[in-house]
Amino acid sequence: MEIPEKNSGRGGAILSKIATNDQHGENSEYFDGWKAYDKDPFHLSRNPHGIIQMGLAENQLCLDLIKDWIKNNPQASICTPEGAHQFSDIANFQDYHGLKEFRQAIANFMGKARGGRVTFDPDRVVMSGGATGANETIMFCLADPGDVFLIPSPYYAAFDRDLRWRTGVEIIPVHCSSSDNFKLTVEAVEWAYKKAQESNKKVKGLILTNPSNPLGTMLDKETLKNLTRFVTSNNIHLVVDEIYAATVFAGGNFVSVAEVVDEVDISEVNVDLIHIVYSLSKDMGLPGFRVGIIYSYNDSVVSCARKMSSFGLVSSQTQLMLASMLSDDRFVENFLMESSRRLGIRHGVFTSGLKKADITCLTSKAGLFAWMDLRHLLRDRDSFESEIELWHIIIDKVKLNVSPGSSFRCTEPGWFRVCFANMDDDTLHVALQRIQDFVSKNNNKLVEKASVHDQTIQNNNAKKQKWRQGNLRLSFRRLYEDGLSSPGIMSPHSPLLRA
């Protein structure tokens, strides 16, 4: 019997289409920056000339508070003498509903993270393996391969992976412009929806990130209300990714779509079309715990998502500890307040440091990053090729991993997302110094070029002046010589002129 030889990829005959396609997005500049950092990671003492990671939106500013809580509450973990008595119960099989106390604690935390202005039903809380898993699961629940979701751009660079790669869903950007501070309008959504329909695309919904990644901006309540009316009138879904809900600083006011649901007239909005994605990765700084949440007002979506969560559950050990931590109201309230304060300080320090280098950012009041404007440093302000050239210089020469705007589907070259909450103060200082030095050297080169250009102009002007003077002297000489013989022009020696 003939044995088929192993296929390592030739022709893709044995592997699936998912295994052999390039839709994951791993080859984009967004992920290439991470790879560059992994090869040469910065460390203050061990590798001070390495690449500083500013492409990863992590919140490391309040991990000390979590460490202190863990030390003071050893009974929350089955890995301590104080909590070991719970080992058998927690180590045994848990179904996909999750621990009841965990869902209750998550619901309470979600309410507190939104200022206590809204409450959440723990029976609608569905867990998943991080926001990545939650976003993909909601797509599987709402759409079929080839269906379309509208997303305002710039949008999170890994959405192409999270939403499209395995589901077959398509994304159509709703383009926003810097001329209006990238503000999303209902009119822009309506226009994109109309164009998609004209192209015979089946639009199943609209996806928002609020607060925005990468912009750090927030949608106001009136815009959210109008968007809920829009999806209702067109019978499409609204998915709101709110994983940065508690990263608000500088007096910002975050409005959750849950608040809108509580306020709008039920005759105006179909709540069955509204869904929230949440996570503890950003607000709590716990991305390694892989806690993603789907919260839907649609019973069928809750049921389907819960069944699908079997493929990406949160470990029962993690559930147990977080249930205890998030049920500690005093800790949670202090954590949220202190996190907001520290983020505000860090954002202020970072953006002030950029201003010293004559770099501005989009005004923002939330998030773990700034949307940095480097258009003035591009070789060609209208060229994405120039943006990638600058990005390579920043990675290779300045030794900073920042993410180019084109990775976020920004339609204007020269914008970069730069993260500031995933490092200590000393590393941030080094990063700012590198940026300032780079811009200073770049400006000096421009000044030198301008000086050379100006000197060339001066030399050319001097030659022209010398030529004019020579020609002027020649003209007077001719004038004088012509005057000796011309009856119409007096000689300079004429007695009439001397008189």
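The values are calculated or read from the model by the stated rules, or taken from the named source; none is laboratory data. Computed from a prediction, not measured in an experiment: that's the story for all the values here. Note: ideal-geometry Cβ built from the backbone for every residue, glycine included; neighbour counts use all protein chains shown. Ligands, DNA and RNA are excluded from the accessible area calculation, which covers all protein heavy atoms including side chains. Shrake-Rupley method; radii C 1.70, N 1.55, O 1.52, S 1.80 Å.
Please work out the C-alpha center-to-center distance from region 287-352 to region 34-51 and express it in whole Å.
Cα centres, region 287-352 to region 34-51: 30 Å.
Under the 0.36 nm per residue contour assumption, what length would be gained going from the current alpha-carbon distance of Lys355 and Lys195 to full extension?
Taking Lys355 through Lys195 to full extension adds about 53.6 nm, to one decimal.
Normalising by the residue count of region 199-242, find the relative contact order in percent from Cα pairs under 8 Å and 6+ residues apart. Present the calculation step by step, with values, prior to reporting the outcome.
Values: 38 pairs, mean separation 25.1, N = 44.
Answer for region 199-242 is 57 percent.
May I ask which residue of Phe87, Val261, Asn47 lies farthest towards the positive end of the charge dipole of the chain, with charges of +1 (Lys, Arg) and -1 (Asp, Glu) on Cβ and the Cα centre as origin?
Asn47
At a 1.4 Å probe radius, which order do Trp191, Trp69 fall into by accessible area, largest first?
Putting Trp191, Trp69 in descending order of accessible area: Trp191, Trp69.
Ranked from the most accessible area to the least, with a 1.4 Å probe and all protein chains present, what is the order of His347, His97?
Numbers: His347 30, His97 75 Å².
The ranking, largest first, comes out as His97, His347.
Just read off the accessible area of Leu99 with the full protein assembly in place, 1.4 Å probe, to the nearest 10 Å².
For Leu99, solvent-accessible area is about 20 Å².
Show me, for region 426-435, the HN-Hα J-couplings you get by feeding each phi into the Karplus relation (A = 6.51, B = -1.76, C = 1.60, θ = phi - 60°), rounded to Hz, glycine and proline as x.
5, 5, 4, 4, 4, 4, 5, 5, 5, 4
Ignoring ligands, DNA and RNA, how do Met308, Met321, Met284 rank by accessible area with a 1.4 Å probe, largest first?
Output order, biggest surface exposure first: Met308, Met321, Met284.
Between Asp396 and His376, how high is the FRET efficiency from 1/(1 + (r/R0)^6) when r is the Cβ-Cβ distance and R₀ = 25 Å? Nearest 0.05. Intermediate results must be reported in sequence, preceding the final value.
Numbers: r = 21 Å, r/R0 = 0.82.
Efficiency computed from Cβ-Cβ geometry: 0.75.
Quick one: what Rg and Dmax do you get for region 91-187 from the alpha carbons, in Å?
Using the Cα atoms of region 91-187, the pair Rg, Dmax is 17.1, 56 Å.
Of the listed values [x] 1.35; [y] 1.00; [z] 1.08, identify the label whose number matches Cα Rg over 2.2 N^0.38 Å calculated from this model.
This structure yields the entry labelled [x].
Please work out how much accessible surface Arg290 shows to a 1.4 Å probe, ignoring ligands, DNA and RNA, in Å² rounded to 10.
100 Å²
When all protein chains stay in place, what accessible area (Å², nearest 10, 1.4 Å probe) is found for His49?
We get 140 Å² for His49.
Classify region 80-121 as rounded, prolate or oblate from the Cα gyration tensor: take a ≥ b ≥ c as the square roots of its eigenvalues, call it rounded if a/c is under 1.5, otherwise prolate when a/b beats b/c and oblate if not.
Since a/c reaches 1.5 but b/c is at least a/b, the shape of region 80-121 is classed as oblate.
Report, to the nearest whole %, how much of the accessible area of the chain belongs to carbon and sulfur atoms, 1.4 Å probe, protein only.
Accessible surface attributable to carbon and sulfur in the chain totals 51 percent.
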